[in-house]
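Take a look at the structure set out below.
The values are calculated or read from the model by the stated rules, or taken from the named source; none is laboratory data. What you see is a predicted model; the values in this text were computed from it and never measured. Every residue, glycine among them, receives a Cβ derived from its backbone with ideal geometry; neighbour counts consider all protein chains shown. Each accessible area value is taken on the protein alone, full model and side chains, heavy atoms only, with ligands, DNA and RNA left out. Shrake-Rupley method; radii C 1.70, N 1.55, O 1.52, S 1.80 Å.
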Amino acid sequence: MAASEKTFYLETFGCQMNVHDSEKVVGTLISQGYRQVPTVEEAGLVLYNTCSIRDKAEQKVFHRLADYKKLQAQGKKFGVLGCVAQQEGHKIFERAPHVSLVCGSASYRNLPEMLVQIEQAGMPVRVTGLDDRETDECFETEFTARTNPHRGYITIIEGCDKFCSFCIVPFTRGKERSRTSDSVLAEARQMADLGYTEIQLLGQNVNSYHDPAGKRLFAELLSAVGEVPGIRRVRFTTSHPRDFGKDIVEAIDSNPALCDHVHLPVQSGSTRLLAAMQRLYSREQYLERVSWMKSAHRDISITTDIIVGFPGESEEDFQHTLSLLDEVAYDGVFAFKYSPRPNTPAIKLDDAIPDQEKSRRLAVLLERQRGIQQAHNQKHVGERVEVMVEGKNEARKQWIGRTSQNKTLNFTATSPNIELGSYVWAQVTRAFPNSLVGERVV
Ligand code: 5AD
Ligand code: SF4
C-alpha cells in the first residue's frame, strides 16, 4: 500500500435503506480518491453504517468500536454513519473517544468536506447534520457504487411522517421527502443501460410517495419503471397498510414486470394494540387490503413484520396476532421482540412484559408461521416458475434462483454453465418453509 493511499473499510448494519446508503457512501469515497478494502486491518478509515431500530442493533456498533479501539494507535480513524450517528450525535464521541467522524444520514452530502477535515486536521469532525433535518433533501449522488450488477435499489422517498409509537425512524430519518418521478425514471433507464434487469424501489413508506412535480402517483411510477426497456422485475419496499391503495394491486395485475410480492407490515393482529401503536388502521382494514391482493389475477405473495411484547400486549392480543397469521397465510414473517427506543411515544409506557415472555411469544409465533409457510410453499410443487439466477451452491451442485414472489428456489440443471443474473425456468419438485427446490426446464 502506497504511503499516501487512502483506504476505507465499511460495514453496514440494518435495512435495505442503509445498504443502499452505503452504496452511495462507497461511490462518494471512491470519487474522493479512496479505495475500499475488505478488512479493518487494511483500512486507514473504518466506517460503520449503523442501525438504531432496536437496542440490540444499536449496541452492535459500540461492540465493534470497542473491539478495534486499540487499532487507533496504528493511526486508523473511525467513523460512525447512519441512524445511530443521527440519533446519538455528539454522545458517540463521549462513549467512544477514538471516533473521528460522526455523520448522520441527513448529512451524507457533506461527507466529502468532512473527509477533507479529518484528513487535514487529524481531529474529530463532530458533525451529525441534526440541524439540517428540517430542510434536508434526498441523498442523491452520481457516484452510487452498486454491489450487484443485475439488481439494484433506487430510493424514491426518504423519512417517515407516521410516528408509530414504537418507532425511532421518524427521528433518525426525518420528515418524508420524495424524489420526482422523472428523476427516478432517469435513474431506472440509466441502470437498464448498464445491464440491470431488476429494480427495487425503496422508502420507509413507499405508499406515501408524492411526486413533487405532481406527475405520477406511486402506482403509476411503479408501472412506468416496469415499462423501462430492459427492466424485467420491479419490487418495492416498505408499504404502510394505511396508504396502501387498490391501484397498486391493479398495477401488479396489469404489468408482469411488477413482481407478485408485497411486504405489508402489520405489527399486530389486535385492533386494540394497533391503536396503542398508532398504526392508523384496524385489523379489519388491514384484512381488506389483504383481500384485494387475494382477489388479484396473479398469485401475490404477502410478507409482513410483527412486534411481540409491545407494552400492554395481553395473551388475548397475542392470540389475535396468531389467528391473523392463519387468516392471511403469509409467505414470510419478520418478527421482533419489542425494544423501547429513545424519543418514541411508547417509551413512556411501562414496558411490563418480561423479556422471557417476549421470547416465548416470539418462539410460538415463529413456530406457527413455519407450519403455515411449509403448507403454503407445498402448493408450488409441480409449478413452473421463472427465476433470476443469483449464485451457485457448489457443494450441493445446485443453482440459487429467486422467484418473482421473492422466494429462493434451489435448482439443478444439466448445463454446466448458467450466467448469473440470467432468467431461467424451473419446475418445483420440493418445498421447505423457507425455500423451494426444483429442476431447470428448457
Ligand atoms: N422494537 C421492535 N421492533 C421494531 N420495529 C420497529 N421499531 C421497533 C421496536 N422499537 C420493527 C417493525 C418494523 C421493522 C422494520 O422493525 O416491525 O416494521
Ligand atoms: Fe417506523 Fe411506522 Fe414510519 Fe414504518 S411507518 S418507519 S414503523 S414510524
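Residue-wise test of (1) buried (at least 19 other Cβ atoms within 10 Å of the Cβ); (2) touching a strand residue (DSSP E or B) at 6+ places or on another chain (Cβ under 7 Å); (3) within 20 Å of LEU280 (Cα to Cα).
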| position | (1), (2), (3) |
| --- | --- |
| ALA145 | no, no, no |
| ILE156 | yes, yes, no |
| GLY159 | yes, yes, yes |
| THR172 | yes, no, no |
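Restricting to the stretch 344-360, name every residue that is under 25 Å from GLN86 (Cα atoms) and either of a type in the set (Lys, Arg) or under 22 Å from the mean Cα position of the chain (by Cα) (or both).
THR344, LYS348
Just to confirm my filter: which strands (runs of 3 or more DSSP E) fall fully inside the stretch 1-101 and include at least 2 residues that are more than 16 Å from ligand 2 (Cβ to nearest atom), open to solvent by 50 Å² or more (accessible area, probe 1.4 Å) and not hydroxyl-bearing (Ser, Thr, Tyr)? Full working, then the answer.
Values: elements: 6-12, 34-36, 45-50, 77-81.
In the stretch 1-101, the matching strands (runs of 3 or more DSSP E) lie at 34-36.
If the requirement is being within 14 Å of ligand 1 (Cβ to nearest atom) and crowded, with 19+ Cβ neighbours inside 10 Å, which of these qualifies: PHE310, PHE318?
Working: PHE318 fails: within 14 Å of ligand 1 (Cβ to nearest atom).
The match here is PHE310.
May I ask you to list the residues in the stretch 262-288 that are more than 12 Å from ligand 2 (Cβ to nearest atom) and surrounded by fewer than 22 Cβ atoms within 10 Å (Cβ to Cβ)?
THR271, ARG272, ALA275, ALA276, SER282, ARG283, GLU284, GLN285, LEU287, GLU288
Please pick out the residue among ALA352, ALA329 that is on the phi > 0 side of the Ramachandran plot, more than 11 Å from ligand 1 (Cβ to nearest atom) and either open to solvent by 70 Å² or more (accessible area, probe 1.4 Å) or not β-branched (Val, Ile, Thr) (or both). Working first, answer last.
On the way: ALA352 fails: on the phi > 0 side of the Ramachandran plot.
Exactly one residue qualifies, and that residue is ALA329.
Out of all the residues in the stretch 334-346, is one or more open to solvent by less than 30 Å² (accessible area, probe 1.4 Å), on the phi < 0 side of the Ramachandran plot, part of a helix (DSSP H, G or I) and within 12 Å of ligand 1 (Cβ to nearest atom)?
Residues of the stretch 334-346 open to solvent by less than 30 Å² (accessible area, probe 1.4 Å): 335, 338-339, 341, 344, 346.
Then keep just the ones that are on the phi < 0 side of the Ramachandran plot; that gives 335, 338-339, 341, 344, 346.
So of that shortlist, the ones also part of a helix (DSSP H, G or I) come out as 346.
Within this subset, residues satisfying the condition of being within 12 Å of ligand 1 (Cβ to nearest atom) are 346.
Among the residues of the stretch 334-346, at least one is open to solvent by less than 30 Å² (accessible area, probe 1.4 Å), on the phi < 0 side of the Ramachandran plot, part of a helix (DSSP H, G or I) and within 12 Å of ligand 1 (Cβ to nearest atom), which makes the answer yes.
Can you name the residue in the stretch 224-248 that is surrounded by fewer than 21 Cβ atoms within 10 Å (Cβ to Cβ) and in a helix (DSSP H, G or I) and, of all such residues, is farthest from ligand 2 (Cβ to nearest atom)?
ALA224
Which one of the conditions (1) more than 30 Å from LEU273 (Cα to Cα); (2) within 28 Å of the chain's Cα centre (by Cα); (3) touching a residue at least 40 places away in the same chain (Cβ under 8 Å) does GLN374 fail to meet, given that it meets all the rest?
(1)
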